[in-house]
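Note sheet for the following structure.
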Amino acid sequence: MNLRSIAWIRTALAIGLALIAPLIAAAQGRGPVKEPYTPAPDAKDLKSVLFNWMRNEGMLKGHDERDMVAMLEYQGKGTIQVEGQPCTVAKYRASTNYQTFSQRIQYTCTRPNGQTVSNIEVVSGLYAWDEDTPGAGIGGAKGKATPMPAAVQERLIRIWASPQGAPKAAAAGTTETFWLGKNPGTLFADGVATVGQTSVSWENGKPVVTFPIPGVPGATATATLDAKFMTERVVVKLGSTTTEFTYGDYRDWNNPLNKIYVLYAGKMVERRNGAVVRDLTTTQTETGNVYVVAPVPASVQTAMNVTGQIPRGVVAKDEPPIDRSIATPRMGTHPDLTGNWTYTDWIGNYMTGGGRRCAPTEAADCTRSDNQTYDFELYSPSRFGGLGRPVYKPEYWDKVQELDMWTNKYDPVMTCQPLGIPREGPPRRIMQTDRDVIFFYEGGDAGGGYGEYRVIPTDDRKHDPKKAIESTYLGYTVGRWEGDTLVLDAISFVDSTWLGRGGFFHSADMHVVERFTREGDVIRYDVRVEDPDVLVEPWVLPTRILRRNKNPDAGLLPERGNCEVYETAHISSQIRH
């Protein structure tokens, strides 16, 4: 194995410090860091309330303080109502994805007569169904999925009236665009009480925010916040039904190895028209954007025949437009891809200026450097969803979470392996001839990478079965031109690399197709990953724009030091790189 890389220290704390130290030093060299938004003292307008709400619950991460809590896992105990009867919970697990309007609640409980009841309640967009096994009917998984069209609104309300869901829904009500990862302090002007469909008033010294429930026409929520701007009570009215949620005992309920300051309610009570339907006490959460997907079974889609649609989330990203007036350079009949290239994945200059400032609800010994270590796992592109997510077969969902929760031990980067394709990302430098291209890489995936390179023929040759026998990190790749697009077809990968941070593993039968289309001074880069052994469907990454780097020294890629593997058995934290 080629062990070229920067040094990776094998405990999570050391990893975090190694990644952030240059940025913190740079920030210190520039003097005080300008914050993206700071509410005026004692401000009571809508903008300040939304900001304080999200910040104090630990939702705003990175120096630019974006709302980065996209997915979370919740476990609790208590009682729930099943068919009108109380049922004492032995297991209650809620997996929520706010970006896709989806939640899977698995529970096992016992009725007063001793009868055990188990069920899995799912909502995904405007579809709702019950499962007898997680992922029933998806990717060949066994089990039964029962359509529950009458439960769609109830289940969506539960998502958007939750401690983190309510401020997200309130912010969404202020704009026509359903932003993913937007700092609420950048959405609109100061000093107003109503923006769009969201408004704030004050009652008995507490802010009361009124907003619509996304995906549920006619549903209006009223959230009362406590003195620390935490969600205290949410009342949702839809027709003749009133659903009330009350919350308390906020803290970081993550396991002791991954405390990252996302505060969740320790006590939750849900009432429908005055009757208690859920009374839960939190036992544990995992708020580091673990893997949560809820693909809709074909049988449910057919049975429900949904005609509407949920708001499509848009990742907050500043991407300059393509200047189409610039002529595309050519080499013979094909575009010339030669040059030094740079790109932003999905969030631009995250981490700029050092760590995030401490929120009022954090401990007195909080520091910016600690916050940057805690925040890093939430704004990784693959965990947050900025690059989309591969949809694994249901039998692998918990495996992906487990790999991610122990990423400091299991991520192949941590044992000095190259990133591989497609995790390496786009090349930083391309050299092209009439028969091949040479790609040079300078690390990708928010900090990893070993300075790899690839030499790829572009003469439309096919894969040679004899060469396909040997598996490699970067795959066996051949290329061809389709009009002005260079298409690279890669097979024969080792199965020890990941597709991206987050535990996104793959099999040895993975097939990757990359497409490069030059338009003037940019290249459109598209990737499609096929792996039917573990994926339900091909993973198609969103188009990334590579821009020509005009720095004359941009192509002088630095030599990397040696990678060093430390004793993985001594890892004592799950704070993820």
Task: Inter-probe distance in nm under a simple model that places probes 7 Å from Cα toward Cβ, at Ala508 and Asn273 - done: 6.0
Task: Under 19 Å from Lys462, Cα to Cα: aspartates and glutamates that are on another chain or at least 8 residues apart - done: Asp434, Asp436, Glu470, Glu482, Asp489, Asp509, Glu514, Glu530
Task: P(r) histogram, all alpha-carbon pairs of the stretch 187-255 included - 5 Å bins from 0, percent - done: 4, 14, 21, 22, 19, 12, 6, 1, 0
Open item on the list: If I compute solvent accessible area with a 1.4 Å probe over the protein chains, what percent of it on the chain is carbon and sulfur?
Closed with: 51
Open item on the list: So with the 1.4 Å probe, I'd like the accessible area per residue for the chain, rounded to whole Å².
Closed with: 41
TODO: Report the extension gain between Ser471 and Gln81 in nm, rounded to one decimal, defined as 0.36 nm multiplied by the number of residues separating them, less their alpha carbon distance.
DONE: 135.0 nm
TODO: Quote the Stokes-Einstein diffusion coefficient, in whole µm² s⁻¹, for the stretch 195-344, based on the Kirkwood radius over alpha carbon pairs, a temperature of 25 °C and a viscosity of 0.890 mPa s.
DONE: 118
Open item on the list: Cross-link candidates for Lys393: which lysines have Cα within less than 25 Å, leaving aside residues fewer than 8 places away along the same chain?
Closed with: Lys91, Lys142, Lys144, Lys409
TODO: Among the listed pairs Lys182/Lys228; Lys34/Lys168; Lys77/Lys267, give every one whose C-alpha distance is greater than 18 Å.
DONE: Lys182/Lys228; Lys34/Lys168
Open item on the list: Is there a quick way to get the dipole size of the chain? I mean about its Cα centre, with the Cβ of Lys and Arg at +1 and of Asp and Glu at -1; what is the value in debye to the nearest 20?
Closed with: 620
TODO: Using Cα positions and a limit of under 13 Å, work out the aspartates and glutamates in reach of Lys259, with same-chain residues fewer than 8 apart set aside.
DONE: Glu286, Glu362, Asp370, Asp375, Glu377
TODO: Quickly rank 541-552, 125-136, 160-171 as a protection proxy: mean count of other C-beta atoms within 10 Å, highest first.
DONE: 160-171, 125-136, 541-552
Open item on the list: If you split all Cα-Cα distances of the stretch 387-537 into 10 Å bins from zero, what percentages do you get per bin, shortest first?
Closed with: 11, 40, 36, 13, 1
Task: D (Stokes-Einstein, µm²/s), Kirkwood Cα radius, the chain, 0.890 mPa s at 25 °C - done: 97
Task: Efficiency of FRET between Glu402 and Thr241 - r from beta-carbon atoms, R0 56 angstrom, step 0.05 - done: 0.90
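The values are calculated or read from the model by the stated rules, or taken from the named source; none is laboratory data. Values in this document were obtained by computation on a predicted structure and should not be read as measured data. Please note: Cβ atoms are built from the backbone with ideal geometry, for glycine as well, and neighbour counts cover all protein chains shown. Note: accessible area is taken over every heavy atom of the protein model, side chains too, but ligands, DNA and RNA are not part of it. Shrake-Rupley method; radii C 1.70, N 1.55, O 1.52, S 1.80 Å.
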